[in-house]
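**Q** Right, I'll just put the structure down here and ask away after.
The values are calculated or read from the model by the stated rules, or taken from the named source; none is laboratory data. Quantities reported herein were computed from a predicted structural model and do not represent experimental measurements. Counting neighbours? That spans all protein chains shown, and the Cβs are built from the backbone with ideal geometry, glycine included. Note: areas computed on protein heavy atoms with side chains; ligands, DNA, RNA excluded. Shrake-Rupley method; radii C 1.70, N 1.55, O 1.52, S 1.80 Å.
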Amino acid sequence: MSFTGKYELQHQENFEPFMRALGLPEDQIQKGKDLKSVSEIVQDGKKFTITITTGSKVMKNQFTIGEESEIELMNGEKVKVSEQ
């Protein structure tokens, strides 16, 4: 099954509490709650590239299933993850 494609956000539930849990400042939460985002996923075997465009902010992460990768969270923090 391939996940490659573009996906546009239609609606979101519990956005504000989720963003607060991530540690985003209240002003950024209020600015972002009405923005729509477009996510583009490109899959090449076990390798994924995910680009999320929200307003003027573009966040791009890459990871490979079964390998440790570093990704950027919405608050700008970078974390190591292992997708399995």
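**Q** Could you tell me what percent of the accessible area of the chain is made up of carbon and sulfur, with a 1.4 Å probe and every protein chain present?
**A** Percent of accessible area from carbon and sulfur atoms in the chain: 51.
**Q** Report the equivalent ellipsoid semi-axes for region 1-52 in whole Å, largest first, defined as the square roots of five times the eigenvalues of the gyration tensor built from alpha carbon atoms.
**A** Equivalent ellipsoid semi-axes, largest first: 27, 12, 9 Å.
**Q** So, one more: How charged is the neighbourhood of GLY55? Take every other residue with its Cβ under 11 Å from the Cβ of GLY55, and add Lys/Arg as +1 and Asp/Glu as -1.
**A** +2
**Q** Next question, about the same structure. Between region 63-84 and region 1-26, what is the C-alpha centre distance in whole Å?
**A** Comparing the Cα centres of region 63-84 and region 1-26, I get a distance of 17 Å.
**Q** Oh, and also: Between THR54 and LEU73, what is 0.36 nm times their sequence separation minus the Cα-Cα distance? Round to one decimal in nm.
**A** Contour length minus the Cα-Cα distance gives 5.5 nm.
**Q** Another question, then. Considering the options THR53, PRO25, VAL81, tell which one lies farthest towards the positive end of the dipole of region 5-83, charges being +1 on Lys and Arg and -1 on Asp and Glu at the Cβ, about the Cα centre.
**A** Of the listed residues, the answer is THR53.
**Q** Note the full-extension length gain between GLU40 and SER2 as 0.36 nm times their separation in residues minus their Cα-Cα distance, in nm to one decimal.
**A** 12.4 nm
**Q** Just the number please: accessible area per residue for the chain, 1.4 Å probe, all protein chains included, in Å².
**A** Per residue, the chain has an accessible area of 75 Å².
**Q** Then there's this: Using the Cα centre of the chain as the reference point, and only Cβ charges (+1 on K/R, -1 on D/E), how large is the resulting charge dipole? Debye, rounded to the nearest 20.
**A** 160 debye
**Q** Excluding same-chain residues fewer than 8 positions from LYS6, which aspartates and glutamates have a Cα within less than 16 Å of its Cα?
**A** Within the straight-line limit of under 16 Å, LYS6 reaches these aspartates and glutamates: GLU40, ASP44.
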